[in-house]
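One structure is given below, encoded as structure tokens.
The values are calculated or read from the model by the stated rules, or taken from the named source; none is laboratory data. These numbers were taken from a predicted model, which means no experiment stands behind them. Please note: Cβ atoms are built from the backbone with ideal geometry, for glycine as well, and neighbour counts cover all protein chains shown.
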Amino acid sequence: MSDFHAAYPDYVTTSRLDELRATEYSYLDAGGHTYLDYTGAGLAADAQLRAQAERLRGGCFGNPHSVNPTSSASTRLIEQAREAVLSYFHAGAGEYAVIFTPNATGACRLVGESYQFRPMSRLVLTADNHNSVNGIREFARARGAVTRYVGLSPDDLRADGKDVAAALGPGGAASHGRGLFAYPAQSNFSGVRHPLAWVDHAQAAGYDVLLDAAAFAPTSRLDLAAVRPEFVTVSFYKMFGYPTGVGCLLARRDALARLRRPWFSGGTLVGASVQGGWHRMADDESAFEDGTLNFLAIPDVTTGLAWVSDIGIDLIHRRVGYLTSWLLEGLAGLKHGSGAPMVRVYGPGPGEWRGGIVTFNFLDPRGVVVDERIVARDTSAAGISLRTGCFCNPGAGERAFGLTEQDVGGAWWHGGPRHDLRTIDDYLEQAGLPSGGAVRVSLGLASNLGDVERFLDFAERTYRDAEPVRDGLPPRLRC
């Protein structure tokens, strides 16, 4: 640890997070947890849970779709939460609307199903995208739009700005109506941070922009007064652990007015008629909030944002940056007795282009990838929580593992799903992959140096010069 403090002397300026780890997140050490899955879900502070309990015990709250006292109490707290979201992201209420959704996936679906794709209009995506963003292409295809992906460098899994400009097209989207450009501010696979400057570039070419901030917002500042995408997707449990089941779509009101929903539901209407066969959608964000909102949980968003604001997102950012760099150095230093590397890391090295996500595979003494299911089993037995698989990001995974279009297109699809490839293991064998995915360690608000050191120590003790045991492997997970 002395080497760490010599390498990162400013780490001491983040000591407040050690104090919070010992108090508000004491359940981690009390339970023997080494938690390394912050991109999967953040963790809740005891203070957040106390605030929720006090609020629920101190009031009576009903379905907000009414004007009675309990409904009005819920409505006031929901509107306070909208204001807290706008304030946190520096998004002016006159410019942006906050639409509460179950998660970032729900926010992506709202845009995909409602965006006015037309024949030959354009959807441009980076190959590095969560499947919740990739899924928008199905709405685009159904309406005759052209979908184009921007590839990734095999070295660091970044997309080149020149390739982005080429995909957006020299004439832009204007000749076919507006287009949509969708990309993550931070990759949930590799931790790559893609330039926020692409937002302005795409808009200048006639595109609306969907910025996926689900992996970015927990450890980085997103200022919507400086960067103004039409759509931003967020999951609050990734930012501060609780509540789960609440995300949002931050939408510029001018862009929101161009969306057309393909259906209506309770809570989204000014009125509807069965006999007349007509309906009229609400004129504001409520047109996109189906049914009854999670009115007992949404007020906890206000609490969570206040918690992070009090700590300081820049402090969290610095802390995670130091620990991520140390983790990368530690993984690079893991060697078998022969001197062969124990780890293959995907994505860029330490620096501004990488967030607090490190994805890799362990290698056995022969240089063969260790099946990620072995790592999942072994880390679970050691009380380490991390994530294995493809992380719902096939584009980044395909590039990281060196798969070609022929590998992934011809193997699984050939005019339709091949009947002899019934499982993911069949697909892996056909594509020539020794493993179904990678290992992902992600750091966050409550991470400390001990978490990183314990994981590195576990890795060396378990896999150095070892032939991993394949017995009792868990099943492969869905992507």
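So here's what we get for this one:
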{"read-out": "Single condition Val98 does not satisfy, out of (1) over 17 Å from the mean Cα position of the chain (by Cα); (2) surrounded by fewer than 21 Cβ atoms within 10 Å (Cβ to Cβ)", "value": "(2)"}
{"read-out": "Residue count, the range 22-34 (criterion: farther than 22 Å from Ala459 by Cβ and part of a helix (DSSP H, G or I))", "value": "5"}
{"read-out": "Test: residue in the range 4-13 that is crowded, with 16+ Cβ neighbours inside 10 Å and of a type in the set (Gly, Ala, Ser)", "value": "no"}
{"read-out": "Residues of the range 339-352 satisfying the condition of being assigned to a loop (DSSP other than H, G, I, E, B) and buried (at least 17 other Cβ atoms within 10 Å of the Cβ)", "value": "Met342, Gly347, Pro348"}
{"read-out": "Single residue of Leu249, Leu180, Leu211, Leu222 found to be more than 26 Å from Gly151 (Cα to Cα), out of contact with any Lys or Arg (no Cβ under 7 Å at 6 or more places or on another chain) and at pLDDT 95 or above", "value": "Leu249"}
{"read-out": "Qualifying residue in the range 195-217 (condition: touching a Gly at 6+ places or on another chain (Cβ under 9 Å), over 22 Å from Thr359 (Cβ atoms) and of a type in the set (Ser, Thr, Tyr))", "value": "yes"}
{"read-out": "So Val98, is it among the β-branched types (Val, Ile, Thr) and under 22 Å from Phe264 (Cα atoms)", "value": "yes"}
{"read-out": "Filter result for the condition that a residue is more than 22 Å from Leu449 (Cα to Cα), in contact (Cβ under 8 Å) with a residue 40 or more places away in the chain and among the charged types (D, E, K, R), over Arg387, Arg366, Arg354, Arg399", "value": "Arg399"}
{"read-out": "Candidate set from the range 114-151 (those that are closer than 22 Å to Asp290 by Cβ, surrounded by fewer than 19 Cβ atoms within 10 Å (Cβ to Cβ) and not small (Gly, Ala, Ser)); member that is farthest from the chain's Cα centre (by Cα)", "value": "Arg143"}
{"read-out": "Some residue of the range 317-338 being over 30 Å from Asp465 (Cβ atoms), part of a helix (DSSP H, G or I), assigned by TED's automatic domain parsing to the domain that holds Glu83 and touching a residue at least 60 places away in the same chain (Cβ under 8 Å)", "value": "no"}
{"read-out": "The range 355-371, residues that are under 26 Å from the mean Cα position of the chain (by Cα), more than 10 Å from Met342 (Cβ to Cβ) and not in a strand (DSSP E or B)", "value": "Gly355, Gly356, Asp371"}
{"read-out": "Of residues in the range 35-72 being assigned to a loop (DSSP other than H, G, I, E, B) and of a type in the set (S, T, N, Q), the one surrounded by the most Cβ atoms within 10 Å (Cβ to Cβ)", "value": "Thr39"}
{"read-out": "Residue tally, condition surrounded by 12 or more Cβ atoms within 10 Å (Cβ to Cβ), outside any loop (DSSP other than H, G, I, E, B) and modelled with pLDDT of 90 or more, over the range 252-271", "value": "4"}
